[in-house]
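Encoded as structure tokens, the structure appears first; notes follow it.
The values are calculated or read from the model by the stated rules, or taken from the named source; none is laboratory data. The model shown is predicted, which means the values in this text are computed figures rather than measured ones. We place every Cβ from the backbone using ideal geometry, glycine too, and count neighbours over all the protein chains shown. Keep in mind that these areas ignore ligands, DNA and RNA; they rest on the heavy atoms of the full protein, side chains included. Shrake-Rupley method; radii C 1.70, N 1.55, O 1.52, S 1.80 Å.
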Amino acid sequence: MDEAFSQERSSELDSERYNPLMLEPYWQTIWQKDGIDLTSTPKPNQKRFYALSMFPYPSGNLHMGHVRNYVITDVIARMQRMRGAAVLHPMGWDAFGLPAENAAIERGIDPAEWTKENIAHMKSQLQRLGLSIDWSKEQATCDKSYYKWTQFIFLALYKAGLAYQKEATVNWDPVDKTVLANEQVDSEGKSWRSGAVVEKIKLKQWFLKITDYADELLEDLENLNGWPDKVKTMQANWIGRSKGLEIDFHSTNKKEHIVKVFTTRPETIYGVSYIVLAPENQLIEKIISDDLRSDLISFREKVAKLSNEERTSDKREKNGMYLGTEVINPATNLPIPVWTADYVLADYGTGAVMGVPAHDERDFLFAKKYNQVIKKVIVNPNEQESELWQGAGILINSGKYNGINNNKAKLEITKTAKLEKWGRSKTQYRLKDWLISRQRKWGCPIPILYCNTCGVIPVQKEDLPVEIPITPNKSSKQPNSKETVDPPSLTKCPKCGKNATRETDTMDTFMCSSWYYLRFADSHNKDKPFTKESIDEWLPVDQYVGGIEHAILHLLYSRFITKALHSQGLFRIDEPFKRLLTQGMVQGITYKNAETGGYVRTSDIADLSNPRDPISGKKLEIIYEKMSKSKYNGVDPSSVIDKYGADTARMFILFKAPPEKDLEWDIADVEGQYRFINRVWRLIHNYKSKSSTNVSLNTKSSSLIKQNKLSQEEKDLRRAVNIAIKSVTEDLDKGLQFNTAISELMKLTNTMQELLPKVNITIANDSISSLLKLLSPFAPHLADELWYKLGGKESVHTVDWPEHDENALSQDKFQLVIQIKGKVRGTINLKTDLTDDEIKTSVLNSEISKKWLEGKSPSRIILIRNKLVNLVP
């Protein structure tokens, strides 16, 4: 320890003032010097624990949502270390992506420069929080040492037949010249960034066969007992497995053409009054009436401006076009018209649906709009007659199936369809193969070459990584192409030696984040992304923490990559995350103009007690919304740390609300935690100053104290300490209820303030030791400072976590609540060894009973032992 710094520190701590801005940097320096956060090599039979937060995108600044995520994981990691586990608690950066490239374009710099500056800044912010992260394992997805192995994994998937290329219809931004996700196209069909009208074009794209694992991904959700049900339901719905019947509808004028339709309700086949094809369905070109082809072009142009979400939204009116042709309903042998409509998507099912307007609300509204036949084929005798019925019932107007329950009819009609060969059982999925191609430079290059002689050639392992191309004009908006890449994409084919070009698309950033948890287990390996032994030792992740917004894509892709690599025998695990906590959002006070939907900065409001729009003068709404730069409601963690310290910020973010719930930011609650920390500080300071002997801290998990030789005050304090130990341990180990754990620490502190002066030195020292141990995961700087101040020879974070003594929880007395006429009238203290009759006698002789019964005897006495007695007059 530096001598000058030690003297400065000592003078500060000799005062009664709590100074977090002095002690927190000091202890962070000590922890780093001593390496207490480094991942230790597990000993034989030692428990391993892998704690991981979803790594951040380096946007430039942390917000309080980040703080909540990382502090939650840190508390868990710190507790597990104290319980004797070898802990892996790493951190990295999800560093590729369009935002970095756009920011770099605006600033005229290379994306790597912008990204690395942000990483350095955000890392310093994280370190100020006192997180027990093993920074020696730090990874950034944009580093060559990382994306080399992302490319390696892509090639492993390619070799296994799980990566392929095909032509696909995509959203194309003609200004930025890149593919956009559906979410990046606004309601007017324009790009979210450039404002250009988005085009639908076909491009050759790379896909991963996630659908090969659809059943496994769905069925294995049942084994994820440590995951929230909400997340599992979201993933199940996204996979969207449906079992039903695929039916052939033959064209009437071109009999060689068949419209195939998938349905989960074959019992409604007799009620089909029309067929609808997706506008993109290629079969339309073959069956449409020639005089309608120009109308089809116009209709498709209108549909192309809509996102998939808009097309399928229940809130939007559906639009269609008759194709001038018919098909035969195989059940009735009658012709029905064929339409195209915007609500049918080409990539879902067969790209065609059957319209059953009497039994489907969407079909009903479409039929009403376009005057299509509405034929009811299911009725419920117990329900009032109506045109639309979507429930169960008995079949009518269905030939030989009339009078049959719809569930039985479904089986019978399916059987007939198979027998007569106009239908077949089929399992359908909402899940589609994962499109990973991106036409941008700031991403992981796809390691593929194209040779006119040899075709598609994977890059050899020894030639990895295929490095990110550097553009001579850093501000260029052009996408990767064979004309804009520098160095040129021209290379040599490893097979024939002739000229070849390399793939210029980069991978979806989800590809980089779908395996990073594997790399942390073997982060310094230069020969492999990981070894089987390292994964089998540390994985699956014991506790994963992140936002609910990642419930589907990131978590689903990570599960897929894990299963795909497991199938190749690379490791034993087939699921990446054992327990998952999806923490709620941090919300800030927001000022919003209800008429315009615009947000107003606090600094622009003249009077916060009567907030008005500075331009229009309209009264503003005051609401809580997720913290965001665009809403001007964010709180910089540094502003809190600079005033109150990191421990206060940690305690607030954990205490304010249960972790899975949204949290409303309120500076008054921050100040409340600051006052509590000061209370603990004064408690320990006063105890040390008044103690006539040296404090002997207990570094072990338990203490040997004989309960029967203690005074009542000593028993009461021992009981309070052990209740806290049991409750905090259970809250952190099982329920992850950090707010109730902190509440227990507050109650224990209050009890200690009252009873410490009344107990012997052994009980006092043991109580203080337990308090600081329990406090240490939440307020690590404070706990280590006070531990040191009381004579601790090692960091409190390296001593044993306390274990509760069951004997100390027992009570000689208990408090009994007395109710009279259903109302609580008071309480009395009684010995625990009294019989029921003795308890009732004590109650009747109490001053409370005498006052409220007014000399009368109760007609009934209802006793709930050790809790409550109710006297009924």
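Before moving on, here are some points about what is shown:
- Spin-label model, Arg612 to Glu664: label points 7 Å out along the Cα-to-beta-carbon direction sit 2.6 nm apart.
- Computed Kirkwood radius, in angstrom, where 1/r is averaged over Cα pairs of region 526-670: 18.9
- The Cα atoms of region 287-377 cover 37, 33, 25 Å along the three principal axes, with the biggest extent listed first.
- A simple charge model with +1 on the Cβ of Lys and Arg, -1 on the Cβ of Asp and Glu and nothing else charged puts the dipole of region 533-687 at about 260 debye relative to its Cα centre.
- Heavy atoms of Glu660 accessible to a 1.4 Å probe, total area in Å² rounded to 10: 90
- Note on Trp238: accessible area is roughly 80 Å² with a 1.4 Å probe, heavy atoms of protein only.
- Note on region 756-816: Rg/Rh from C-alpha atoms, Kirkwood Rh, equals 1.06.
- Near the amide H of Ala500, within less than 5 Å, lie the amide hydrogens of Thr491, Lys492, Cys493, all on another chain or at least 5 residues away, with H placed in the peptide plane.
- Efficiency of FRET from Cβ geometry, Lys408 and Glu387, R₀ 22 Å, rounded to 0.05: 0.35
- Take Lys726: with every protein chain present and a 1.4 Å probe, its accessible area is about 70 Å².
- Of the three principal axes defined by the Cα atoms of the chain, the extents in descending order read 103, 82, 67 Å.
- For region 544-592, dividing the convex hull volume of the Cα atoms by the residue count gives 69 Å³ per residue.
- Share antiparallel - DSSP beta bridges, region 810-873, percent rounded to 5: 75
- Here the sum of -39500 (n - 2.57) over DSSP H runs of 4 or more residues, divided by the residues of the chain, equals -11000 deg cm²/dmol at 222 nm, to the nearest 500.
- Antiparallel %, DSSP beta bridges [both residues in the chain], to 5: 75
- Seen from all directions on average, region 77-235 presents a Cα convex hull projection of 14.1 nm².
- For the chain, the carbon plus sulfur part of the accessible surface works out to 49%, probe radius 1.4 Å.
- Sites Thr531 and Asp215, calculated FRET efficiency, Cβ-Cβ separation with R0 35 Å, nearest 0.05: 0.75
- Cα centroid separation, region 832-872 to region 330-361 (Å): 74
- Largest first, the residues Trp681, Trp665 sort by 1.4 Å accessible area into Trp665, Trp681.
- Solvent exposure of the chain, expressed per residue, is 46 Å² of accessible area, with all protein chains present and a 1.4 angstrom probe.
- Across all Cα atoms of region 604-694, the radius of gyration (one decimal) and Dmax (whole number) stand at 19.0, 70 Å.
- Two-decimal log10 I(q)/I(0) for region 218-306, as the Debye equation yields it once each C-alpha is a single scatterer, q = 0.12, 0.21, 0.25 Å⁻¹: -0.63, -1.07, -1.22
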